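Trainee: My questions all concern the structure below.
The values are calculated or read from the model by the stated rules, or taken from the named source; none is laboratory data. Keep in mind it's a predicted model, so treat the numbers as computed, not measured. Quick reminder, even Gly has a Cβ in these numbers, built from the backbone with ideal geometry, and neighbours come from all protein chains shown. Note: accessible area is taken over every heavy atom of the protein model, side chains too, but ligands, DNA and RNA are not part of it. Shrake-Rupley method; radii C 1.70, N 1.55, O 1.52, S 1.80 Å.
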Amino acid sequence: MFKLCRFPKAWKKAKLITQPKPGKDPSKPVNRRSISLLNSMSKIFGKALLYRLQFHADVNKIIPDNQYGFRAHHGTIHPLIKIVEDITVGFNNKEQRYTIITLLDAEKAFDKPHTRFYVTLDGIDSNTKFATAGVPQESALSPFLYSIYTAGIPITDARTNANIQMYADYTAIIKPHYNVKYALAALQRQLPTLEKWYTKWRNKINPGKSETIIITKILPR
């Protein structure tokens, strides 16, 4: 397969089962998490391909340095250290009295199925459908492919000079400033740029899991 650059069509088909999300109405499809059951041989091939893709991506610096998800020698602690560092600098710098952090969560980044899929519910199979975007759950390749897919996210903006840190489908936009209103306005100018990018690449922000936090040592009057 590596020599011929071919992947069997039968391996592109996924069986989807769904699990209800805790505390939500399971009768609504939006409240169920999809899991793709893939061909066992395709999963073995995926792991072999993943090893080669990771090496190629590291050598050619395909994934940006501020993306810490699913990379060797990287973990959730690294973006947190960077965020804490920015907050500490703001505490110790009179010209950066506030640190504004906007946290964005990509909606259903890993809940989309494979190229061809069918859903099984209560022992009944649906017709086969075709997916136009996304990566399947339960694939060793999916997280790494998502990191490559989102490598082009606009991480800098000359108008706002904000710092962006990412872990998989989570994005933190960090803006220190002495004026909280100015910092919030700057982030408001940058968010449409990110929204445009997410829309173009068939991704979507989950507003219910996104928020903005203001951090400062100044006590409210």
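Trainee: For segment 21-54, what are the residues that are more than 21 Å from the chain's Cα centre (by Cα), under 19 Å from Asp125 (Cα atoms) and without any contact (Cβ under 8 Å) to a residue 24 or more places away in the chain?
Mentor: Pro26, Ser27, Lys28, Pro29
Trainee: Restricting the search to segment 142-176, which residues are at pLDDT below 80, closer than 20 Å to Ile215 by Cβ and out of contact with any Lys or Arg (no Cβ under 8 Å at 6 or more places or on another chain)?
Mentor: none
Trainee: Working only within segment 65-74, note down all residues that are open to solvent by less than 90 Å² (accessible area, probe 1.4 Å) and either touching an Asp or Glu at 6+ places or on another chain (Cβ under 7 Å) or of a type outside the set (D, E, K, R) (or both).
Mentor: Those that are open to solvent by less than 90 Å² (accessible area, probe 1.4 Å) and either touching an Asp or Glu at 6+ places or on another chain (Cβ under 7 Å) or of a type outside the set (D, E, K, R) (or both): Asn66, Gln67, Tyr68, Gly69, Phe70, Ala72, His74.
Trainee: Let me ask something else. What are the residues in segment 173-221 that are of a type in the set (Ser, Thr, Tyr) and either assigned to a helix (DSSP H, G or I) or more than 16 Å from Thr102 (Cβ to Cβ) (or both), if any?
Mentor: If the condition is that a residue be of a type in the set (Ser, Thr, Tyr) and either assigned to a helix (DSSP H, G or I) or more than 16 Å from Thr102 (Cβ to Cβ) (or both), then Tyr178, Tyr182, Thr193, Tyr198, Thr199 are the ones that fit.
Trainee: Kindly evaluate Gln96 against the criterion of being buried (at least 18 other Cβ atoms within 10 Å of the Cβ) and out of contact with any Phe, Trp or Tyr (no Cβ under 7 Å at 6 or more places or on another chain).
Mentor: No: the conditions fail for Gln96.
Trainee: What do you reckon, is Arg202 open to solvent by 60 Å² or more (accessible area, probe 1.4 Å), more than 30 Å from Lys43 (Cβ to Cβ) and modelled with pLDDT under 80?
Mentor: Judged against the criteria, Arg202 is not a match.
Trainee: Tell me which residues, restricted to segment 1-19, are of a type outside the set (Lys, Arg) and assigned to a strand (DSSP E or B).
Mentor: Selection gives Ala14, Leu16, Ile17, Thr18, Gln19.
Trainee: It is to be established whether one or more residues within segment 102-114 are of a type in the set (Val, Ile, Thr), more than 27 Å from Leu37 (Cα to Cα) and at pLDDT below 90.
Mentor: The answer is yes; a qualifying residue exists.
Trainee: Quick one: is Ile101 touching a Lys or Arg at 6+ places or on another chain (Cβ under 7 Å), outside any helix (DSSP H, G or I) and surrounded by 18 or more Cβ atoms within 10 Å (Cβ to Cβ)?
Mentor: When the stated conditions are applied, Ile101 does not pass them.
Trainee: How many residues are open to solvent by 40 Å² or more (accessible area, probe 1.4 Å) and farther than 26 Å from Gly75 by Cα if we restrict to segment 164-184?
Mentor: 5
Trainee: Residues in segment 42-64 that are surrounded by 12 or more Cβ atoms within 10 Å (Cβ to Cβ) and outside any helix (DSSP H, G or I): how many?
Mentor: 3
Each row is one residue, and each column tells you yes or no for (1) closer than 21 Å to Thr212 by Cα; (2) modelled with pLDDT of 85 or more.
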{"residue": "Phe45", "(1), (2)": "no, yes"}
{"residue": "Asp58", "(1), (2)": "no, yes"}
{"residue": "Ile77", "(1), (2)": "yes, yes"}
{"residue": "Asp86", "(1), (2)": "yes, no"}
{"residue": "Val89", "(1), (2)": "yes, no"}
{"residue": "Asn93", "(1), (2)": "no, no"}
